[in-house]
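Okay, structure first, notes after.
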Amino acid sequence: MSPDMTAPGMTGTATAPVLELRDVTKTYPSTPPVTALRGVSLTVRQGELVAIVGPSGSGKTTLLHLMGTLDRPTTGRVLLTGLDASAMTDRQVARLRATRIGFVFQQFFLAEHATVLDNVADGLLYAGTPYRQRRELAAEALSSVGLGERLHARPTQLSGGQRQRVAIARALIGRPAIVLADEPTGNLDHATGQSILALLHALHDRGTTILVITHDREIAAHLPRQVDMLDGRIVADTAKPDTVSPAAAASPATAVSPAAAASPATAVSPAAAASPATAASPATAARRG
Ligand SMILES: Nc1ncnc2c1ncn2[C@@H]1O[C@H](COP(=O)(O)OP(=O)(O)O)[C@@H](O)[C@H]1O
Ligand SMILES: [Mg+2]
């Protein structure tokens, strides 16, 4: 077992599972129906930093929505900190989500009219924390992502990278069991994306459990564990060497040039990214798919 499987201070001991998917499938009832996941089983343990990597359409976002309890599987089970979301009512699931999961999205989903401090403090709205304490914790979370000096700025006054830091602070404020990030660098230029990845690494070093979804093999290659998806299935997982095909094991994404890695998604400007859906909460926004 690799040291990455264990939380700091627990070297050599497998930590508790934070997230477990058991033979999960998802078929969207569209016309015609689309089967996006075809039997996915995955365990993420406390303290891990995991990349889910795969091409567009392989089922990554669907998987994130199921892991985050924003949607329910067609068959199979999703457990968070050992609690089976499939056996819960919508209300219980919402509570589980609010207390266990932090979300980070490619499009940031910040409320543009609110200050940075309020955006982050709102991450605790559903936890029942009093207003004053929410703001204190928000200021702390913002300091931890390097934005302690910008508490009263509005998102429109920030760069794309700073906006994503605000979103990360919002995800962290409730001390979730796991942070789920869907293409967190997808709207950022290469250098800014690297600084966001460095921040995620630093948070991981401090013990935060993080799962990053990306289509970018170069990003995935720098994370301690990589899970490869294709056509709704896991086709390789570096935590389970027997699932890694010899070809995949021999070429850890080195074929991707920095130029290719820096290109497609980065053409979206922060302004475009900041547009219509910005008033939506992360949870509603995620449902857009
Ligand atoms: N709401 C939906 N209704 C119907 N099909 C969907 C829906 N969301 C995603 N899909 C389909 O499911 C498959 C996986 O999509 P997605 O999970 O978004 O993959 P990825 O994030 O890897 O690009 C694709 O074929 C996509 O078109
Ligand atoms: Mg996606």
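Could you give the length gained by full extension between E112 and Q157, i.e. 0.36 nm per residue of separation minus their alpha carbon distance, to one decimal place?
This chain segment gains 15.3 nm when fully extended.
One chain, two ends: T74 and R206. Fully extended at 0.36 nm per residue, the span grows by 44.0 nm beyond their Cα-Cα distance. Cβ-to-Cβ counts within 10 Å put S86, S144, S56 in ascending order as S56, S86, S144, the fewest first. Starting from the Kirkwood Rh over alpha-carbon pairs, what translational D in µm² s⁻¹ does the stretch 16-278 have by Stokes-Einstein at 4 °C and 1.567 mPa s? Answer, rounded: 68 µm²/s.
Computing FRET efficiency as 1/(1 + (r/R0)^6) for L230 and T15, where r is the C-beta to C-beta distance and R0 is 41 Å, gives about 0.90. Modelled this way, with points 7 Å down the Cα-to-C-beta line, the labels at D90 and E140 are 3.4 nm from one another. Secondary structure note: in the stretch 16-278, about 55% of the DSSP beta bridges are antiparallel. Once both labels are positioned 7 Å from their Cα atoms along Cα-to-Cβ, the gap between T99 and Y126 label points is 1.3 nm. With the Kirkwood sum run over all distinct C-alpha pairs, the stretch 14-128 has a hydrodynamic radius of 15.7 Å.
Bear in mind that the values in this text are calculations on the coordinates, not laboratory data. Just so it is clear, the structure is predicted and the values come from calculations on it, not from any experiment. Note that each Cβ is placed from the backbone with ideal geometry, even for glycine, and that neighbours are counted across all protein chains shown.
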